[in-house]
Amino acid sequence: MPAPSDLPAPTPDGHVPLSVLDLAPIAAGSTVAEALRNTVDLARHAERQGYRRYWLAEHHLNPGVAGASSPLLIQAVAQATS
């Protein structure tokens with residue numbers, strides 16, 4: 001458990017900054033391309049909702065995850081968001 005001093009401080013308007021951790025999962029019956037589109041869509045939605053950070057996890061040799069290359073995921077998300 002993080003110490004209270006390690007937790008994010010509320011913003012001046014009283015909101016606690018939130019982040020998203022995306023594994024870029026491949027849903028059953030879906031494709032890698034669809035998983036990547038879902039990741040970009042989720043990043044856009046998180047940005048519109050005011051999330052502070054969007055984290056992408058890198059996983060290798062996992063057939064249910066499209067995040068084997070974080071640099072490629074980061075590039076796709078960065079191009080679609082500000």
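The values are calculated or read from the model by the stated rules, or taken from the named source; none is laboratory data. Note that this is a predicted model, so its numbers are computed, not measured. Positions of Cβ are generated from backbone atoms using ideal geometry, with glycine treated the same way; all protein chains shown enter the neighbour counts. Remember, those area values only see protein heavy atoms, side chains included, never the ligands or the DNA or RNA. Shrake-Rupley method; radii C 1.70, N 1.55, O 1.52, S 1.80 Å.
A few comments on the model shown:
- Taken over the range 37-54, the criterion of being exposed (fewer than 12 other Cβ atoms within 10 Å of the Cβ) and in contact (Cβ under 8 Å) with a residue 24 or more places away in the chain is satisfied by Gly50, Arg53.
- Odd one out for Pro17 among (1) part of a helix (DSSP H, G or I); (2) surrounded by 12 or more Cβ atoms within 10 Å (Cβ to Cβ): (1)
- Residues satisfying the stated conditions in the range 55-82, i.e. small (Gly, Ala, Ser) and either surrounded by 12 or more Cβ atoms within 10 Å (Cβ to Cβ) or within 13 Å of the chain's Cα centre (by Cα) (or both): Ala57, Gly64, Ala66, Gly67, Ala68, Ser69, Ser70, Ala76, Ala78, Ala80
- Any pair with Cβ under 7 angstrom, 6 or more apart, that starts in the range 8-36 at a residue that is touching a residue at least 24 places away in the same chain (Cβ under 8 Å) and farther than 13 Å from Gly67 by Cβ and ends at one that is of a type in the set (S, T, N, Q) and open to solvent by less than 80 Å² (accessible area, probe 1.4 Å): Pro17/Thr11
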